[in-house]
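Okay, structure first, notes after.
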Amino acid sequence: MRRYDDPVEVRRGPVGEGALDAGGPEQFLWRGRLWNVYSVVAHWVETGPWWQSADAQAVLGSDAVTTGRDLNAEREVWRVEAGRGVLGRGVFDLSFDWAQGDWRLARAVD
């Protein structure tokens, strides 16, 4: 699986046959190409890197410069199977950062 940190535009909607959840990624635009999502493989929420916070560094007694990241920062990750017509399919991790309000492509096997 290759790692990326590319911005993507995501259209949310129902995914797969008989889908009841209208909140998942239905399509995404990555590097000028439109990908259709055929199925959601997995869905989870990741917390922010708490170990880099000023509070954690203070407990450790470190004088290192901290990133100032929010302990409550979360991102929602959707692992999806998607394709571009007859060109085949791939598996992609799309993440939505709640603090920033944007979508990123994090990983891909295409």
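The values are calculated or read from the model by the stated rules, or taken from the named source; none is laboratory data. As the structure is a prediction and not an experimental result, all values here were calculated from the model. Backbone-built Cβ (ideal geometry, glycine too); neighbour counts: all protein chains shown. For the accessible areas, the whole protein counts, side chains as well, though only heavy atoms, and no ligand, DNA or RNA atoms are used. Shrake-Rupley method; radii C 1.70, N 1.55, O 1.52, S 1.80 Å.
Key figures
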item: Subset of the stretch 50-74 (residues that are outside any loop (DSSP other than H, G, I, E, B), open to solvent by 70 Å² or more (accessible area, probe 1.4 Å) and either modelled with pLDDT under 70 or in contact with a Phe, Trp or Tyr (Cβ under 7 Å, 6 or more places away or on another chain) (or both)); result: Trp50, Trp51, Glu74
item: Counted residues, the stretch 76-110 - those being more than 11 Å from the chain's Cα centre (by Cα), under 18 Å from Gly13 (Cβ atoms) and either open to solvent by less than 30 Å² (accessible area, probe 1.4 Å) or among the hydrophobic types (A, V, I, L, M, F, W, C) (or both); result: 2
item: Residue that is modelled with the lowest pLDDT, among those in the stretch 1-18 that are over 15 Å from Gly32 (Cβ atoms) and of a type in the set (D, E, K, R); result: Glu17
